[in-house]
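Asks: Okay, here's the structure, questions in a sec.
The values are calculated or read from the model by the stated rules, or taken from the named source; none is laboratory data. Note that the structure is a prediction, hence the values are computed from the model and not measured. A quick note on method: Cβ atoms are made from the backbone with ideal geometry, for glycine too, and the neighbour counts reach across all protein chains shown.
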Amino acid sequence: MFSVLVKLSWFFKKYWKRYTFAIIALIVASVIDLIPPKLIGMAIDEIQFNTMTVERLMELLLIYGVVIFSSYTISYLWDYTLFSGAMIMERTMRSRLMNHFLRMTPTFFGRNRTGDLMARATNDLKALTMTAGFGILTLVDSTVFMFLIIAVMGFTISWPLTLAALLPLPIMAFAMNRYGKVIHARFTEAQAAFGEMNNSVLESVRGVRVLRAFVQEERDESRFNTMTTDVYDKNVHVAKVDALFEPTIQILVGLSYTIGLGYGSALVFQNVITLGEMVSFNVYLGMLIWPMFAVGELINVLQRGNASLDRVNDTLNYEPDVKDPSRHQQVETPGDIRFENVSFHYPNTKAEGLHQIRLSIKRGQTIGVVGKTGAGKTTLFRQLLREYPGLKGTLSINGTDIRELPLDTTRSWIGYVPQDQVLFSKTVRENIQFGKPGATDEEIYRVLKLAHFLEDMKHLPNGLDTKVGESGVTLSGGQKQRVSIARAFIMEPEILLLDDAMSAVDGKTEAKIIDHLREEREGKTTLIAAHRLSAVTHADHIIVLDEGKIIEQGTHEELVSLGGWYQSQYEHQQLEDGEVGR
């Protein structure tokens, strides 16, 4: 049960001053809270024996007032210090998770669904916050505060009465332990079901257009209802055990009260204890209810925290597939890029994505990459981005193997426009500034002109301040592509990768973007993957991929004269364009 505190020891060690102060203040407040019942007992005895005077009453009231003020002040200090520490725990773990997500490769996100990762970053972190805050409170109250009360009851009133009243405690400890084990198992299942539901909701929101197009709203709603029912049922299973804590404690505390009142009354009649001590004892017994209840809460909170921490650590312990080299080389500016017998296959697949690729790219060249769907165009680009491990052969920049260069360095050279454009739920300006933080409106308009988006800006309601919606939902496919191209242009990257980045724009727009691209990218390296061959006819060198192999390469004119796949595809597309034109 306490293993979760051991696992979090790194955090408590880092903030030991905060937690030491909070625990000491909590203990001091607990000691102060033991004084009022004693004052009440003393007052009752003095009234009973007719020794109470006005001066004595004022003295007791003054002491009582000082005790209340001191308790309030110290309670505020420990409460603020302890629970702000819990917030620091949540912030720290959330930052660690986010940093971890940003370092992960596509392999990680293929094995972990977004909904489950979000559940770990929300619900599970809340459970950890409870552990670092409320868990420490219940730990102190269920141990130190409880033993202080028992010690005061035993040493100042009667040990026989105290021990008799505490007879139900062993039963409580046994019950709490059994409940805690069941809570841990069921809470883990409930959190997993919540992650599944989260993932389903995300998929439905992203694919809402497809759902409507295929008239699948009712089916998706039915699927969602099934999942929510499953989440509900699993949480009900947790709640059923959780609900046993309080009644069990109340029954056992009630039994303690019964023993205390019955046996205590007998001791008063036997003049073993006074009436005032009997009243004080019952007040202390009432104060003992919370520490007894805290035992159950402690087990509950620690078991939930343990289950959540295991899930979070399972994510954090996933090692990145692609790591920085232990000893890295430094290259100031990327020049020539060479693929020498480069082969690659994706994790958990047998088929090769690339096979014995040999390609030399000089600085400032534009390279066209074409081929059928699934031929390996994106896979080739991913080797430069180093998204996956397992590259065989040598991919070098300026003669240095890319695996010997720091990841941040190589990626800082590259501007990338993927097939599936990713726009953030922000304004057009903010999306483009993602490529260059702090870019001025003048710079933004310049790259929007290069991406042939200025005309579209006139139709946006708020210009650059128009919000593009979730994943750019308010923009068309072509508009999203051009905003993505503008975002890459504003980086002025040494290496630009356009992965079928103009597939959703018309031929005239594509031609204008290509013209701007040639002017803007002079002296810098550009790789363009495309299905439409008109996007690469201007390239210095073109390679044709098929099943991960280069089957043809050369300039546009050379490939047309070869009479192979490129020539037949080019003529076919020219024919289609002609028919469209007519």
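Asks: Could you list all residues from the range 538-548 that are buried (at least 17 other Cβ atoms within 10 Å of the Cβ) and either farther than 17 Å from Ile361 by Cβ or among the basic types (Lys, Arg) (or both)?
Replies: Scanning the range 538-548 gives a single hit, Gly548.
Asks: Another one. Scanning the range 346-375 for residues that are assigned to a strand (DSSP E or B) and at positive phi, which turns out surrounded by the most Cβ atoms within 10 Å (Cβ to Cβ)?
Replies: Of the range 346-375, the ones assigned to a strand (DSSP E or B) are 354-361, 366-371.
Checking which are at positive phi leaves us with 356, 371.
Values: Gln356: 15, Gly371: 25.
Step by step, filter the range 346-375, then rank; the result is Gly371.
Asks: Here's a follow-up. Going by what's in this entry, would Pro160 be described as surrounded by 15 or more Cβ atoms within 10 Å (Cβ to Cβ) and under 30 Å from Pro37 (Cα atoms)? Reasoning before the result, please.
Replies: Details: surrounded by 15 or more Cβ atoms within 10 Å (Cβ to Cβ): no; under 30 Å from Pro37 (Cα atoms): yes.
Judged against the criteria, Pro160 is not a match.
Asks: Among the residues of the range 221-234, write down those that are under 26 Å from the mean Cα position of the chain (by Cα) and under 20 Å from Leu202 (Cβ atoms). Reasoning before the result, please.
Replies: Taking the range 221-234 first, the residues under 26 Å from the mean Cα position of the chain (by Cα) are 223-234.
Correct list: Arg223, Phe224, Asn225, Thr226, Met227, Thr228, Thr229, Asp230, Val231, Tyr232, Lys234.
Asks: Restricting the range 89-105 to residues that are out of contact with any helix residue (DSSP H, G or I) (no Cβ under 8 Å at 6 or more places or on another chain) and in contact (Cβ under 8 Å) with a residue 60 or more places away in the chain, which is surrounded by the fewest Cβ atoms within 10 Å (Cβ to Cβ)? First the steps, then the outcome.
Replies: Within the range 89-105, the first condition is being out of contact with any helix residue (DSSP H, G or I) (no Cβ under 8 Å at 6 or more places or on another chain), and the residues that meet it are 91, 95, 99, 102-105.
Going one step further and asking which of them are in contact (Cβ under 8 Å) with a residue 60 or more places away in the chain, we end up with 103-105.
Values: Arg103: 15, Met104: 19, Thr105: 18.
So, considering only residues that are out of contact with any helix residue (DSSP H, G or I) (no Cβ under 8 Å at 6 or more places or on another chain) and in contact (Cβ under 8 Å) with a residue 60 or more places away in the chain, the one surrounded by the fewest Cβ atoms within 10 Å (Cβ to Cβ) is Arg103.
Asks: Separate question: Quick check on this structure: which one of Phe187, Phe214, Phe174, Phe194 is over 26 Å from Thr114 (Cβ atoms), at pLDDT below 90, aromatic (Phe, Trp, Tyr) and out of contact with any strand residue (DSSP E or B) (no Cβ under 8 Å at 6 or more places or on another chain)?
Replies: Details: Phe187 fails: over 26 Å from Thr114 (Cβ atoms); Phe214 fails: over 26 Å from Thr114 (Cβ atoms); Phe194 fails: over 26 Å from Thr114 (Cβ atoms).
Checking each option against the conditions leaves just Phe174.
Asks: Moving on. Counting just the residues of the range 20-63 that are in contact (Cβ under 8 Å) with a residue 12 or more places away in the chain and among the polar types (S, T, N, Q), which one comes out farthest from Ser84 (Cα to Cα)?
Replies: Top of the filtered list is Gln48.
Asks: Does Ser484 qualify as being under 26 Å from Lys524 (Cβ atoms) and without any contact (Cβ under 8 Å) to a residue 40 or more places away in the chain? Full working, then the answer.
Replies: Values: under 26 Å from Lys524 (Cβ atoms): yes; without any contact (Cβ under 8 Å) to a residue 40 or more places away in the chain: no.
Judged against the criteria, Ser484 is not a match.
Asks: Turning to a different aspect of this structure: Could you list, in sequence order, the residues of the range 418-442 that are over 17 Å from Gly472 (Cα atoms), in a helix (DSSP H, G or I) and within 34 Å of the chain's Cα centre (by Cα)? Break it down stepwise before answering.
Replies: Going through the range 418-442, the residues over 17 Å from Gly472 (Cα atoms) turn out to be 436-442.
With the extra rule that they be in a helix (DSSP H, G or I), the set shrinks to 441-442.
Scanning the range 418-442 gives a single hit, Asp441.
Asks: Would you be able to say whether some residue in the range 150-170 is within 40 Å of the chain's Cα centre (by Cα) and touching a residue at least 24 places away in the same chain (Cβ under 8 Å)?
Replies: Initially, the range 150-170 is screened for residues within 40 Å of the chain's Cα centre (by Cα), giving none.
Scanning the range 150-170 turns up no residue that is within 40 Å of the chain's Cα centre (by Cα) and touching a residue at least 24 places away in the same chain (Cβ under 8 Å).
Asks: Another one. Which condition breaks for Leu5 when tested against (1) aliphatic (A, V, I, L, M); (2) surrounded by fewer than 12 Cβ atoms within 10 Å (Cβ to Cβ); (3) in contact (Cβ under 8 Å) with a residue 60 or more places away in the chain?
Replies: All conditions pass for Leu5, except number (2).
Asks: For residues that are within 23 Å of Asp506 (Cβ to Cβ) and within 27 Å of the chain's Cα centre (by Cα), tally how many sit in the range 458-468.
Replies: Count: 1.
Asks: Scan Thr394, Thr378 and give me the residue that is surrounded by fewer than 22 Cβ atoms within 10 Å (Cβ to Cβ) and closer than 22 Å to Leu533 by Cα.
Replies: Working: Thr394 fails: closer than 22 Å to Leu533 by Cα.
None of the other options fit; the residue is Thr378.
Asks: Is it fair to say Met292 is surrounded by 18 or more Cβ atoms within 10 Å (Cβ to Cβ) and either within 30 Å of Leu211 (Cβ to Cβ) or modelled with pLDDT under 85 (or both)?
Replies: Values: surrounded by 18 or more Cβ atoms within 10 Å (Cβ to Cβ): yes; either within 30 Å of Leu211 (Cβ to Cβ) or modelled with pLDDT under 85 (or both): yes.
Here the answer is yes, as Met292 does meet what is asked.
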